[in-house]
Amino acid sequence: MAHVPAAERRPQIVEAAIGLMAREGVAAGSTRAIAAEAGVAQAMVHYTFGSKQALYRSVLEDLGRSLVARVQAAMPTDADFSETVSALVNELWRTVTEERERYRLLTELIMLSLRDPVLRQVASEFTHDLDATAARLLSDAATRAGQDLALPAEEIARFFLSGFDGIVTRYLTDDYDLAACESTLRLMLDTTIALAVSDARLGSDARLER
């Protein structure tokens, strides 16, 4: 068999891991099974990544990059603020509905990280990166439209993504109604836009009790 550098093997193995675990779940993602899916020796997986956690880290990073790239590409160039945010959210939702199994895998890995210190760090970095990307897209949308934001973009991004995660979890539950999820998403979108452009900070004097 011709020698293939590890740098070239890495994306091949990551894509194989994504394909396998998207079909069968994270529990099926042993290094042996992933190696078989990629058509390489199991030793090659260990040599390339060092550990299963490191491989899972690469999977999570790859899923995140593809998600962000797809949403960024949907940024309109000549729309007002509301239309731009709607376009970005609609594309984000399409990544869920059109690539449901990959998104299920992304959610599974984040849930798995709650019990795994190595993956927890990766998931935390992923979440913060996603918040920062969403905040940047909001800021860019506001700048292009000449719209002042009533709240910091970071706060708006966290608010929306927190709600979006809940909607996605409901959607990924097989017996949940897609129409109900999309109705809730529209409400979440409308509320986010209203918070972004309104001078009123609802509940700004309230404090969470610890």
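Looking at region 1-18 only, could you name the residues that are at pLDDT below 90 and either closer than 15 Å to Ser51 by Cβ or surrounded by 15 or more Cβ atoms within 10 Å (Cβ to Cβ) (or both)? Reasoning before the result, please.
Of the residues in region 1-18, the ones at pLDDT below 90 are 1-9.
Matches in region 1-18: Ala6, Arg9.
Return the residues of region 118-139 that are farther than 21 Å from Gly163 by Cβ and not polar (S, T, N, Q); say none if nothing qualifies.
So in region 118-139, the residues farther than 21 Å from Gly163 by Cβ come out as 118-122, 125.
Correct list: Val118, Leu119, Arg120, Val122, Glu125.
Select from region 96-126 the residues that are touching a residue at least 40 places away in the same chain (Cβ under 8 Å) and of a type in the set (D, E, K, R) and write down the one among them that is most open to solvent (accessible area, probe 1.4 Å).
In this case the residue turns out to be Glu101.
Go through (1) of a type outside the set (Ser, Thr, Tyr); (2) touching a residue at least 24 places away in the same chain (Cβ under 8 Å); (3) more than 30 Å from Leu161 (Cβ to Cβ) one by one and return the number of the condition Ala22 breaks.
(3)
Quickly run through region 78-95 and pick out the residues that are touching a residue at least 40 places away in the same chain (Cβ under 8 Å), part of a helix (DSSP H, G or I) and over 14 Å from Gly64 (Cβ atoms).
From region 78-95, those touching a residue at least 40 places away in the same chain (Cβ under 8 Å) are 79-82, 84-86, 88-89, 92-93; that's our starting set.
Still in the list and also part of a helix (DSSP H, G or I): 81-82, 84-86, 88-89, 92-93.
Those that are touching a residue at least 40 places away in the same chain (Cβ under 8 Å), part of a helix (DSSP H, G or I) and over 14 Å from Gly64 (Cβ atoms): Phe81, Ser82, Thr84, Val85, Ser86, Leu88, Val89, Trp93.
Which residues, taken from region 19-42, are in contact with a Lys or Arg (Cβ under 9 Å, 6 or more places away or on another chain) and open to solvent by 30 Å² or more (accessible area, probe 1.4 Å)?
Those that are in contact with a Lys or Arg (Cβ under 9 Å, 6 or more places away or on another chain) and open to solvent by 30 Å² or more (accessible area, probe 1.4 Å): Ser30, Gln42.
Would it be correct to say that Ala123 is more than 19 Å from Ala54 (Cβ to Cβ) and aliphatic (A, V, I, L, M)? Steps first, answer last, please.
On the way: more than 19 Å from Ala54 (Cβ to Cβ): no; aliphatic (A, V, I, L, M): yes.
So Ala123 fails the test.
Looking at region 68-77 only, could you name the residues that are free of Cβ contacts under 8 Å to residues at least 40 places away in the same chain and not in a loop (DSSP other than H, G, I, E, B)?
If we filter region 68-77 for residues that are free of Cβ contacts under 8 Å to residues at least 40 places away in the same chain, which is where we start, we get 69-70, 73-74, 76.
Within region 68-77, Ala69, Arg70, Ala73 qualify.
Only residues that are among the basic types (Lys, Arg) and either buried (at least 18 other Cβ atoms within 10 Å of the Cβ) or closer than 14 Å to Thr77 by Cα (or both): list them for region 127-162, please. Outline the logic, then answer.
Going through region 127-162, the residues among the basic types (Lys, Arg) turn out to be 136, 144, 158.
If the condition is that a residue be among the basic types (Lys, Arg) and either buried (at least 18 other Cβ atoms within 10 Å of the Cβ) or closer than 14 Å to Thr77 by Cα (or both), then Arg144 is the only one that fits.
Any residue in region 43-60 that is open to solvent by 30 Å² or more (accessible area, probe 1.4 Å), at pLDDT below 90, in a helix (DSSP H, G or I) and closer than 30 Å to Asp140 by Cα?
Checked region 43-60: at least one residue is open to solvent by 30 Å² or more (accessible area, probe 1.4 Å), at pLDDT below 90, in a helix (DSSP H, G or I) and closer than 30 Å to Asp140 by Cα.
The values are calculated or read from the model by the stated rules, or taken from the named source; none is laboratory data. Note that the structure is predicted; figures quoted are calculated from it, not measured. In this analysis, Cβ positions are derived from the backbone assuming ideal geometry, glycine residues included, and neighbour counts consider all displayed protein chains. Protein only, heavy atoms only, side chains kept; ligands, DNA and RNA dropped before computing areas. Shrake-Rupley method; radii C 1.70, N 1.55, O 1.52, S 1.80 Å.
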